[in-house]
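Working notes, beginning with the structure itself.
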């Protein structure tokens with residue numbers, strides 16, 4: 001008999017961890033090769049982890065809702081053969097995986113050590129294990145400024161702290177911050193909420209996991225950033241005419257539907273290159289200037305939830321490439337086939353509220369981004385048209401752009417100028433442009 005270590009597989013360049021949402025197999029169950037053993041979640045994307053071998057599940061190293069790092073062993077499967085799973089020594093293993101396995105082993109040997117439960121902050125099991133082995137106290141751990149979601153301390157943060165611990169000359173990697181008394185948290189919000197009365201015909205339905213995540217993100221975003229909006233009306237008559245003239249030929253030649261979205265995305269990417277101050281994020285008192293322009297496109301799912309897949313390096317795509325990227329991500333989002341890495345790394349987001357008939361909207365920032373653009377519905381509108389012979393009233397295709405931005409770092413001049421530049425690109429669209 002041989003023992004196979006089922007590890008959390010790599011799920012993308014920017015995905016380092018996942019949460020176990022459900023075990024599909026129990027200890028003692030038989031497992032076939034390629035059969036799913038458990039379900040995991042990374043941000044808003046759910047995935048299954050299959051087994052590479054056939055055998056019997058003999059040990060689960062983590063439970064439901066535990067956070068697991070990529071490369072970490074999550075289960076042990078006993079197989080028939082003796083040559084299925086070669087044991088990888090620590091010297092042969094990658095440094096990261098070796099460090100993870102070392103901390104897991106250390107945690108098993110030091111059961112009596114503190115579990116940091118006295119802290120009000122959340123620390124993943126891996127971070128706690130590293131802290132225990134390296135002798136990092138609860139007080140020290142609480143002072144580390146985490147780079148993870150919602151300021152959570154990651155494996156890289158704790159390892160960096162340990163590396164530089166005691167070295168007074170190296171202060172940049174770890175920022176010690178004072179934590180003010182909480183002004184508003186989820187608990188006070190719940191206490192201040194108006195009481196809900198129930199009648200006999202009312203139905204109580206618990207939010208699903210994704211809706212809980214979205215609710216948490218939205219509240220956290222409003223509490224983090226000072227939201228302000230700018231609105232501008234855009235004449236997109238040329239775009240409407242051009243699309244109507246070319247959509248059939250485009251679909252026949254490229255095998256892709258030509259919607260308005262890639263045209264708008266192209267204009268946004270150009271405007272960001274003109275105003276790179278919109279392509280930033282905030283980390284405490286520091287501004288992070290993003291090198292790549294990665295556009296998130298908010299997509300509504302069939303179950304009513306929302307997800308934001310990301311078009312990487314959007315400024316490097318021509319219109320055909322942008323259309324393919326939009327259609328691919330949109331199609332896989334609706335089919336529930338997005339990969340964890342598809343929703344990571346966004347630097348600016350676009351949401352199409354016009355899909356549902358809204359004229360404009362005031363979207364909430366997708367943290368840690370500092371801007372989000374809402375596209376309103378395109379409508380036929382009477383408009384004053386200026387000509388050398390004089391002004392007259394004509395029918396034009398118009399829409400509103402609604403730009404929400406983080407007033408901590410983006411003032412009205414930048415926020416307004418950016419959305420105006422997007423409008424200028426759209427209004428200057430060449431109706432004779434080649435497909």
Hits in the stretch 222-242 (condition: under 31 Å from the mean Cα position of the chain (by Cα) and assigned to a helix (DSSP H, G or I)): 222, 223, 224, 239
If you check 43, 65, which single one turns out to be at positive phi, at pLDDT below 90 and in contact with a helix residue (DSSP H, G or I) (Cβ under 8 Å, 6 or more places away or on another chain)? 43
Residues 278, 218: which one is at negative phi and in contact with a helix residue (DSSP H, G or I) (Cβ under 9 Å, 6 or more places away or on another chain)? 278
Give me a count of the residues in the stretch 301-331 that are in a helix (DSSP H, G or I), touching a helix residue (DSSP H, G or I) at 6+ places or on another chain (Cβ under 7 Å) and surrounded by fewer than 15 Cβ atoms within 10 Å (Cβ to Cβ). 0
Flag if residue 414 is more than 30 Å from residue 252 (Cβ to Cβ) and either at pLDDT 95 or above or loosely packed, with under 15 Cβ neighbours inside 10 Å (or both): yes
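For (1) out of contact with any helix residue (DSSP H, G or I) (no Cβ under 7 Å at 6 or more places or on another chain); (2) modelled with pLDDT under 95, each residue gets a yes or a no:
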site: 345; (1), (2): yes, yes
site: 350; (1), (2): no, no
site: 372; (1), (2): yes, no
site: 378; (1), (2): no, no
site: 403; (1), (2): no, no
Count, please, the residues in the stretch 289-300 that happen to be part of a strand (DSSP E or B) and modelled with pLDDT of 95 or more. 4
Residue within the stretch 230-244 that is closer than 16 Å to residue 327 by Cβ and surrounded by fewer than 21 Cβ atoms within 10 Å (Cβ to Cβ) present: yes
Return yes when residue 178 is modelled with pLDDT under 70 and either within 25 Å of residue 15 (Cβ to Cβ) or assigned to a loop (DSSP other than H, G, I, E, B) (or both) and no when it is not. yes
At least 1 residues that are surrounded by fewer than 21 Cβ atoms within 10 Å (Cβ to Cβ), more than 26 Å from the chain's Cα centre (by Cα) and in the same structural domain as residue 261 (by TED's automatic domain parsing) in each: list the strands (runs of 3 or more DSSP E) lying fully within the stretch 343-408 that qualify. 379-387, 390-406
Note on residue 435: of the conditions (1) assigned by TED's automatic domain parsing to the domain that holds residue 273; (2) in contact (Cβ under 8 Å) with a residue 12 or more places away in the chain, unmet is (1)
Residues (assigned to a helix (DSSP H, G or I) and either in contact (Cβ under 8 Å) with a residue 40 or more places away in the chain or exposed (fewer than 12 other Cβ atoms within 10 Å of the Cβ) (or both)) located in the stretch 200-221: 209, 210, 211, 212, 213, 214, 217, 218, 220, 221
Going by the structure shown, is residue 249 in the same structural domain as residue 361 (by TED's automatic domain parsing), exposed (fewer than 14 other Cβ atoms within 10 Å of the Cβ), at pLDDT below 95 and within 30 Å of residue 424 (Cβ to Cβ)? yes
Residues of the stretch 409-432 satisfying the condition of being under 15 Å from residue 227 (Cα atoms), touching a residue at least 60 places away in the same chain (Cβ under 8 Å) and in a helix (DSSP H, G or I): 412, 414, 415, 416
Would you check which residues across the stretch 133-164 are part of a loop (DSSP other than H, G, I, E, B) and modelled with pLDDT of 75 or more and list them? 135, 136, 137, 145, 146, 147, 153, 154
State all residues of the stretch 10-21 that are loosely packed, with under 14 Cβ neighbours inside 10 Å and more than 14 Å from the chain's Cα centre (by Cα); if no residue qualifies, say none. 10
Only one of 272, 263 is within 22 Å of residue 363 (Cα to Cα), under 22 Å from the mean Cα position of the chain (by Cα), in the same structural domain as residue 372 (by TED's automatic domain parsing) and assigned to a helix (DSSP H, G or I), namely 272
Check on residue 103, modelled with pLDDT under 70, closer than 22 Å to residue 157 by Cα and in contact with a helix residue (DSSP H, G or I) (Cβ under 6 Å, 6 or more places away or on another chain): yes
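The values are calculated or read from the model by the stated rules, or taken from the named source; none is laboratory data. None of the values given here were measured: they were computed from a predicted structure. With ideal geometry, Cβ positions are generated from the backbone for all residues, glycine too; neighbour counts draw on all protein chains shown.
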